Amino acid sequence: MYDFIVVGGGIAGLELGAMLSHDGSRLLVIEQAQHIGGRSFVHTKDGFTLDNGIHLVRFGRKSAVAKVMRHIDREIEFVPLGDSYLVDEHNKFILFPTDPSGFLKSKLFSFGERLKALGVMLKLRRGKYGRLEHATVEDWMSNEKIEDGLRRYFMLVCASMLVCPISSVASAKALTENINMVLKSGISVEYPLHGWQKDIIGPLTGIIMKHGEIRTGVRVDSVILENNRATGVRTKDGTISAKNIIIDIPSQELAGIMNLKDIKDERMKTAPGLVPTSGISIDYAIDGCITDISGLVYLEEPVGFGCFVSNLSPDAAPAGKSLLTWFCPVHNEEMKQKDQVKNYQKKLENRIETVFPELGTKTIFKRVIHHAMVDGVELNINQLQEKRLNYAINGIENLYIVGDTTAAPGAGGDIAHESSTGCYESITGRAV
Ligand SMILES: Cc1cc2nc3c(=O)[nH]c(=O)nc-3n(C[C@H](O)[C@H](O)[C@H](O)COP(=O)(O)OP(=O)(O)OC[C@H]3O[C@@H](n4cnc5c(N)ncnc54)[C@H](O)[C@@H]3O)c2cc1C
């Protein structure tokens, strides 16, 4: 009898599992894929370490993932990003502000816009935007008369922070709250010094294995619910019992392992229908170093952003070589149009290779992935925290949910990491 079974070995399940295991609990993680990590899985090829698309950590050393690593006595170092740039239609690199001083320096703005930008940031910092529950980013920008350079700026922040390329879809509340969180913490994004595998996934796995097990290549077919309790799971190898069950799979997939009609929780009605974010990622493994930029590089057409990961963490590429990872958010509905997405991908590749022409001769290999799910939940006005699942399920004792489709704060991956600390508190009554 295990203390906990964790269904799914994604990053949220691993973080929560490691904290519980560190406390001495006997734990079993069951993962259907042959590898753990889920959407944060790290792939290695020819000495290059490839994240599953760009994987930066918002708030870096002040993030939930940093707290988790400290909690299990595996504190890690984060690398701050260098200056970020927007590449305009003439391939000119323009400083892209990542802190208030950037607004004063960046040529993206006129003098009037600089003052306006500082005013908007001050208002955001003081939480002066009030109730924006029903406003889209487009509504907010129109109301605030955010135009020209400042509009271009917020469109790209919306695309990168909320992974939503459409301002008439993204929630103004989510955008303003998330910018405010960055202003409060003083950190936009950072990267683990030695990368996700060495610094995070490896140590989490090590701690879990101390008191428990990780089984990969095993699918949980169903969670067993009896008399308002979760008693175990069924797999092709039989039934496994546990005192508690934690589910780390996106809420859109819950119907595959449970009869949702048996669950009285109100949020179970909406959570399976949540729309995720989607996009295309492209990795370029490069022979040599073609730039020393260690911040983000943004493009507007097609909207996207890239990062020379090896300029942040040398472990990402063999000596003398470098790694560029690009990400282009595509709306989930558009992502379903396969031919259109292929054309979009070609356009994106052409654009990136015009900005960095050396890629034409120095690319050792290129990896392109079309991601149907990037973040579990697109932060549009209908999918804010109150529509997502709580960590504990109403009416069923000892069944918990973790991951980036829960009601944890933040955006995208932050939600996954915040959910691990929130769910830990919900289970143990102790804060991380
Ligand atoms: C291209 C891309 C870029 C991203 N960029 C960032 C970023 O910069 N920063 C950031 O913080 N986040 C980023 N994210 C998001 C981040 O990866 C996710 O939020 C996070 O990995 C979600 O983790 P999770 O544990 O909630 O879910 P998942 O990763 O989805 O884990 C769920 C796991 O459950 C397993 N599973 C499902 N069903 C079963 C079953 N029946 N039985 C057993 N196992 C099952 C799955 O195989 C999977 O491993 C990005 C994601 C992508 C794809």
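The values are calculated or read from the model by the stated rules, or taken from the named source; none is laboratory data. Please read these numbers as outputs of a predicted model, since none were measured by experiment. Please note: Cβ atoms are built from the backbone with ideal geometry, for glycine as well, and neighbour counts cover all protein chains shown.
Pairs meeting the criteria (first residue in the stretch 212-226 and part of a loop (DSSP other than H, G, I, E, B), second residue of a type in the set (S, T, Y) and modelled with pLDDT of 95 or more, beta carbons under 7 Å, at least 6 apart or on different chains) are G212/S21; V218/T235; R219/T235. Looking across the stretch 233-265, just one residue is away from the ligand (no atom under 13 Å from the Cβ), of a type in the set (S, T, N, Q) and buried (at least 17 other Cβ atoms within 10 Å of the Cβ), and that is N244. Scanning the stretch 2-28 for residues that are more than 21 Å from the chain's Cα centre (by Cα) and under 18 Å from R219 (Cβ atoms) yields Y2, I5, L28. In the set (1) of a type in the set (V, I, T); (2) more than 13 Å from the ligand (Cβ to nearest atom); (3) in a loop (DSSP other than H, G, I, E, B), the condition left unmet by V377 is number (2).
For (1) at pLDDT 95 or above; (2) touching a helix residue (DSSP H, G or I) at 6+ places or on another chain (Cβ under 6 Å); (3) in the same structural domain as G410 (by TED's automatic domain parsing); (4) at positive phi, each residue gets a yes or a no:
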{"position": "F48", "(1), (2), (3), (4)": "yes, no, no, no"}
{"position": "G53", "(1), (2), (3), (4)": "yes, no, no, yes"}
{"position": "F93", "(1), (2), (3), (4)": "yes, no, no, no"}
{"position": "R125", "(1), (2), (3), (4)": "no, yes, no, no"}
{"position": "K128", "(1), (2), (3), (4)": "no, no, no, no"}
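Is there a residue in the stretch 245-253 that is charged (D, E, K, R), in the same structural domain as Q385 (by TED's automatic domain parsing) and either more than 26 Å from the chain's Cα centre (by Cα) or more than 15 Å from G403 (Cα to Cα) (or both)? No - not one qualifying residue is present in the stretch 245-253.
When the stretch 409-432 is limited to residues that are within 13 Å of the chain's Cα centre (by Cα) and assigned to a helix (DSSP H, G or I), the one that is nearest to the ligand (Cβ to nearest atom) turns out to be G413.
In the stretch 125-155, which residues are assigned to a helix (DSSP H, G or I) and of a type in the set (V, I, T)? Scanning the stretch 125-155 gives a single hit, V137.
Against the numbered list (1) in contact (Cβ under 8 Å) with a residue 40 or more places away in the chain; (2) within 14 Å of the ligand (Cβ to nearest atom), A66 comes up short only at (1). Scan the stretch 150-177 for residues that are under 17 Å from G376 (Cα atoms) and within 16 Å of the ligand (Cβ to nearest atom) and jot them down. If the condition is that a residue be under 17 Å from G376 (Cα atoms) and within 16 Å of the ligand (Cβ to nearest atom), then C158, A159, S160, M161, L162, V163, C164, P165, A174 are the ones that fit. So is I208 in a strand (DSSP E or B), more than 30 Å from L359 (Cβ to Cβ) and in contact (Cβ under 8 Å) with a residue 12 or more places away in the chain or not? Here the answer is no, as I208 does not meet what is asked. No other residue among L204, L193, L183 is at pLDDT 95 or above and farther than 24 Å from L27 by Cβ apart from L193. Kindly indicate whether T325 is of a type in the set (V, I, T) and under 15 Å from P276 (Cβ atoms). Judged against the criteria, T325 is not a match. Here is the figure for the stretch 10-29: residues that are touching a Ser or Thr at 6+ places or on another chain (Cβ under 8 Å) and surrounded by fewer than 24 Cβ atoms within 10 Å (Cβ to Cβ) total 1.
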